[in-house]
Amino acid sequence: MAGVELEGIVKAYGALQVVHGIDLNVAEKEFVVLVGPSGCGKSTTLRMIAGLEEITDGTLTIDGRMMNRVAPKDRDVAMVFQNYALYPHLNVADNMAFGLRIRKMPKDQIKSTIADVAEILGLTEYLERRPADLSGGQRQRVAMGRAIVRHPKVFLFDEPLSNLDAKLRTQMRAEIKRLHNRLGVTSVYVTHDQVEAMTLADRIVVMNDGAIEQVGTPMELFNNPANTFVAGFLGSPPMNQMRGTLTDTGAVIGDAEIALPGQINGHAGRDVIVGIRPEHVTLLPSEQSSALPIALDLVEPLGSEALLHARHGDTAMVFKAETHGSIDHLSGVDTVHVPAGLVKLFDAETGRALSLGA
Amino acid sequence: MADQTSSSGAIAKPKSTATDNSRWAQTVDHFKREWQLYVMLAPTIIWFIVFLYKPMYGLQIAFKDYSIFRGVAASPWVGFEHFETLFSNDQFIRAVMNTIKISALNLLFGFPAPIILALMFNEILHATYKKTAQTIVYLPHFISSVIISGIVITAFSPTAGIVNTVIGWFGFDPVYFLTQPEWFRPIFVGTGIWQEAGFGSIVFLAAIAGVNPSLYESAVVDGANRWQMMWKITIPSILPTILIMLIIRIGNIMEVSWELVILLYQPATYETADVVNTWVYRQGLQSGQYDLAAAAGLFNAVVAFVLVMTANSLSRRFSRTSLW
């Protein structure tokens with residue numbers, strides 16, 4: 001097993017720089033997820049770790065060995081691709097054996113390795129089938145099997161679940177998590193799906209525009225986003241962000257004031273962005289909560305809870321409320337209550353999280 | 001509607017009529033909606049009718065004692081007489097054997113040539129060099145066979161030809177290549193490769209371009225080198241295209257590019273160069289035996305048809321790839 005270290009990693013295509021000096025340390029056996037919108041540089045970063053893209057500047061270390069100039073085959077990494085990259089002319093067993101045969105592993109050893117991994121992944125009965133005769137989930141498992149049989153130091157996953165339907169994605173997500181717990185191989189996983197990131201990761205790396213916005217455990221990032229980008233990216237629906245101005249006792253949003261006792265400390269008059277998670281508001285007042293009048297646009301029932309699409313002044317917001325079996329009581333909602341301790345403040349200019357209480 | 005429901009026996013026929021009407025209405029609607037496509041398709045259909053289907057009427061002269069004065073319809077039937085004449089004619093048998101031998105050589109050397117060329121082009125990383133090389137090998141395809149044969153005749157000329165000049169440098173006597181039967185087939189097959197391999201490689205290059213790039217990336221991570229990737233990914237991936245092209249090629253096996261044969265052969269090389277089509281040309285047009293030539297042409301077509309059907313069904317059975 002091995003850790004992966006990226007120091008000042010830069011990727012440029014001619015004059016166009018797409019990754020701007022990434023520093024990241026993936027510990028041994030850790031499962032790190034790179035998440036961000038399309039074009040943020042997460043796949044490029046993964047491909048640089050795999051050796052499929054040249055590193056323009058910076059240092060990549062795997063298991064303590066500098067890998068910048070090392071060929072992909074000598075990095076001892078295995079990669080699972082978005083479209084599975086299964087060889088259509090080979091059956092499942094031959095697909096899984098491909099890398100082992102290239103590395104001239106003895107035939108009987110290849111056979112037993114494949115049998116073991118097929119058993120783990122539930123592929124034993126499909127070993128003779130070709131990829132075209134498999135379902136999306138089975139193909140995905142074969143792609144993982146091909147990576148696992150190599151017993152690499154590092155697994156690299158490039159959006160491996162994005163071609164699956166929602167139900168299968170949920171199943172495969174759990175399978176990947178179980179496999180990682182079982183095998184304990186250092187893994188770097190790229191996705192644009194924040195739910196995948198939250199559920200799979202030991203640590204999440206949020207990327208935007210070729211740079212890292214924040215690194216932390218899923219709950220650290222969810223509870224304490226470093227900036228408005230991270231706040232808006234993680235969470236479903238994302239955090240509501242409203243422009244406001246601080247007063248001595250709270251923050252004024254439109255014609256309402258959210259009380260923030262003990263959080264301001266002399267910053268009155270400062271322009272901020274007030275962040276409120278959709279699930280943090282309540283329909284009834286609670287201790288240290290402030291009323292926020294809203295104009296309800298739409299109620300979307302999701303079963304046990306519903307999404308309330310509303311406006312406060314010009315600002316559109318989404319809140320979550322429990323249905324208790326019916327949404328009738330939600331149609332007349334005109335006020336939500338915001339608990340003071342769960343409100344996040346960000347600088348209006350830089351978007352960075354503010355900690356004003358100290 | 002009243003008829004349809006009046007009795008159980010009367011139901012089937014009106015229903016069927018209603019279905020026919022509905023199908024007819026759907027067809028009319030379809031034509032109204034897509035008429036532009038049919039207008040575009042029309043020239044090709046007309047071409048097939050005029051140049052390929054209508055002439056089939058004349059095929060019957062293969063079974064008649066045809067006279068241009070009596071015409072096709074009035075000429076008397078003679079059954080398989082012309083076919084018996086053909087198969088008792090040594091020159092025709094020789095032409096059949098020559099056709100098969102030249103086609104076999106073409107298949108053996110000429111068919112793999114564009115595939116190998118496409119694989120080689122695929123390995124060239126320098127874009128400008130690749131484009132230049134491709135242009136150079138595509139060019140002979142656009143040159144008329146008359147000019148191509150002129151170049152070949154000049155190149156192999158015993159007096160001023162480049163080949164004999166080089167042979168002369170090594171102290172050997174000039175060889176009269178184009179008058180010696182044993183040299184005709186290598187020269188003919190080689191000329192065909194030179195003329196068509198480049199252009200033929202376009203189909204395979206297109207097939208290679210369609211191979212999923214992540215297959216190569218996955219192989220690179222697995223440790224495959226370029227040679228292994230070519231053998232284990234590229235060739236298997238373009239195999240369906242190779243098989244389709246092979247079936248088409250087998251369908252044309254009796255159609256040796258006879259214009260090039262006519263341009264390159266001479267009586268001294270008939271022994272190895274005379275193919276069915278050149279024999280038909282000489283018998284039909286030069287000697288006026290149209291019925292015998294038609295019988296030979298029909299034989300050619302039947303053999304080609306059987307071959308292409310066989311190749312197609314074999315390919316479908318063993319590789320799940322077929323033309324139809």
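Note on the stretch A:287-300: among residues that are closer than 27 Å to A:Ala226 by Cα and among the small types (Gly, Ala, Ser), the one that is surrounded by the most Cβ atoms within 10 Å (Cβ to Cβ) is A:Ser289. Remark: pairs (first residue in the stretch A:129-150, within 13 Å of chain B (Cβ to nearest Cβ); second residue in a helix (DSSP H, G or I) and basic (Lys, Arg); Cβ separation under 7 Å; 6+ apart in sequence or on different chains) = A:Pro131/A:Arg139.
Would you confirm, using the coordinates I've provided, whether B:Val152 is within 14 Å of chain A (Cβ to nearest Cβ) and farther than 26 Å from B:Ala304 by Cα? Against the criterion (within 14 Å of chain A (Cβ to nearest Cβ) and farther than 26 Å from B:Ala304 by Cα), B:Val152 does not qualify. Quick one: in the stretch A:30-62, of everything that is β-branched (Val, Ile, Thr) and assigned to a loop (DSSP other than H, G, I, E, B), which residue is nearest to the chain's Cα centre (by Cα)? Once the filter is applied, the top-ranked residue is A:Ile55.
Table: residues versus (1) modelled with pLDDT of 95 or more; (2) away from chain B (no Cβ under 14 Å).
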position	(1), (2)
A:Glu30	yes, yes
A:Gly39	no, yes
A:Met48	yes, no
A:Gln82	no, no
A:Asp116	no, yes
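Take B:Leu307 and decide whether it is out of contact with any strand residue (DSSP E or B) (no Cβ under 6 Å at 6 or more places or on another chain) and at pLDDT 90 or above. So B:Leu307 fails the test. Among residues that are over 20 Å from the mean Cα position of the chain (by Cα), among the hydrophobic types (A, V, I, L, M, F, W, C) and at negative phi, B:Ala113 is not included.
Take the conditions among the charged types (D, E, K, R), surrounded by 21 or more Cβ atoms within 10 Å (Cβ to Cβ) and without any contact (Cβ under 8 Å) to a residue 24 or more places away in the chain and apply them to B:Asp291. Does it pass? So B:Asp291 does not fit the description; no.
Within the set A:Ala85, A:Ala12, the sole residue that is of a type in the set (Gly, Ala, Ser), in contact with a Ser or Thr (Cβ under 6 Å, 6 or more places away or on another chain) and part of a loop (DSSP other than H, G, I, E, B) turns out to be A:Ala85. When the stretch A:310-332 is filtered for residues that are more than 19 Å from A:Arg243 (Cβ to Cβ) and surrounded by fewer than 16 Cβ atoms within 10 Å (Cβ to Cβ), the ones remaining, listed by number, are A:Glu322, A:His324, A:Gly325, A:Ser326, A:Asp328, A:His329, A:Ser331, A:Gly332. The residue pairs whose first member lies in the stretch B:69-88 and is within 20 Å of B:Asn300 (Cα to Cα), whose second member is aromatic (Phe, Trp, Tyr) and not in a loop (DSSP other than H, G, I, E, B), and whose beta carbons are closer than 6 Å, counting only pairs six or more residues apart or on different chains, are B:Leu86/B:Phe92.
Name the residue that is farthest from B:Pro186 (Cα to Cα), counting only residues in the stretch B:112-129 that are out of contact with any Leu (no Cβ under 8 Å at 6 or more places or on another chain) and surrounded by 15 or more Cβ atoms within 10 Å (Cβ to Cβ). Give the derivation first.
Of all residues in the stretch B:112-129, those out of contact with any Leu (no Cβ under 8 Å at 6 or more places or on another chain) come to B:112-117, B:119-120, B:123-129.
Add one more test, that the residue is surrounded by 15 or more Cβ atoms within 10 Å (Cβ to Cβ), and what stays is B:113-115, B:117, B:119.
Working: B:Ala113: 14, B:Pro114: 17, B:Ile115: 20, B:Leu117: 19, B:Leu119: 24 Å.
If we take residues in the stretch B:112-129 being out of contact with any Leu (no Cβ under 8 Å at 6 or more places or on another chain) and surrounded by 15 or more Cβ atoms within 10 Å (Cβ to Cβ), then B:Leu119 is farthest from B:Pro186 (Cα to Cα).
Only one entry in A:Ala27, A:Ala71, A:Ala78 is closer than 19 Å to A:Leu179 by Cβ and either more than 20 Å from the chain's Cα centre (by Cα) or among the polar types (S, T, N, Q) (or both), namely A:Ala78.
Only one of the numbered conditions (1) surrounded by fewer than 21 Cβ atoms within 10 Å (Cβ to Cβ); (2) modelled with pLDDT of 90 or more; (3) more than 14 Å from chain A (Cβ to nearest Cβ) is violated by B:Phe188, and that is (1).
Exactly one residue among A:Ala15, A:Ala71 is out of contact with any Asp or Glu (no Cβ under 9 Å at 6 or more places or on another chain), under 23 Å from B:Ser218 (Cα atoms) and either within 14 Å of another protein chain (Cβ to nearest Cβ) or at pLDDT below 95 (or both), and that residue is A:Ala71.
The set of residues in the stretch A:275-322 being modelled with pLDDT under 90 and polar (S, T, N, Q) consists of A:Thr282, A:Ser286, A:Gln288, A:Ser289, A:Ser290, A:Thr315. Scanning the stretch A:176-207 for residues that are surrounded by fewer than 17 Cβ atoms within 10 Å (Cβ to Cβ) and either out of contact with any strand residue (DSSP E or B) (no Cβ under 6 Å at 6 or more places or on another chain) or basic (Lys, Arg) (or both) turns up A:Lys177, A:Arg178, A:Asn181, A:Arg182, A:Leu183, A:Gly184, A:Val195, A:Thr199.
Condition check ((1) touching a helix residue (DSSP H, G or I) at 6+ places or on another chain (Cβ under 7 Å); (2) without any contact (Cβ under 8 Å) to a residue 12 or more places away in the chain; (3) of a type in the set (D, E, K, R)) across all residues:
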{"position": "A:Val154", "(1), (2), (3)": "no, no, no"}
{"position": "A:Asp165", "(1), (2), (3)": "no, no, yes"}
{"position": "A:Glu175", "(1), (2), (3)": "no, no, yes"}
{"position": "A:Ser187", "(1), (2), (3)": "yes, no, no"}
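Looking at the stretch B:211-324, the helices (runs of 4 or more DSSP H) lying wholly inside it that each contain 2 or more residues that are more than 14 Å from chain A (Cβ to nearest Cβ) sit at B:235-251, B:258-264, B:270-273, B:276-281, B:290-319. In this entry, A:Met105 passes the filter for residues that are within 12 Å of another protein chain (Cβ to nearest Cβ) and not in a strand (DSSP E or B). Given the options B:Phe109, B:Phe87, B:Phe83, B:Phe92, name the one that is buried (at least 20 other Cβ atoms within 10 Å of the Cβ) and touching a helix residue (DSSP H, G or I) at 6+ places or on another chain (Cβ under 9 Å). Only one candidate qualifies: B:Phe92.
The number of residues in the stretch B:161-176 that are loosely packed, with under 10 Cβ neighbours inside 10 Å and either small (Gly, Ala, Ser) or in a helix (DSSP H, G or I) (or both) comes to 2.
Okay, residues lined up against (1) on the phi < 0 side of the Ramachandran plot; (2) among the acidic types (Asp, Glu); (3) out of contact with any Lys or Arg (no Cβ under 9 Å at 6 or more places or on another chain):
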| site | (1), (2), (3) |
| --- | --- |
| A:Asp94 | yes, yes, no |
| A:Met105 | yes, no, yes |
| A:Ile120 | yes, no, no |
| A:Asp133 | yes, yes, yes |
| A:Arg146 | yes, no, yes |
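The values are calculated or read from the model by the stated rules, or taken from the named source; none is laboratory data. All of these numbers come straight from a predicted model, not from anything done at the bench. Don't worry about glycine lacking a Cβ; one is built from the backbone with ideal geometry, like all the others, and counts go over all protein chains shown.
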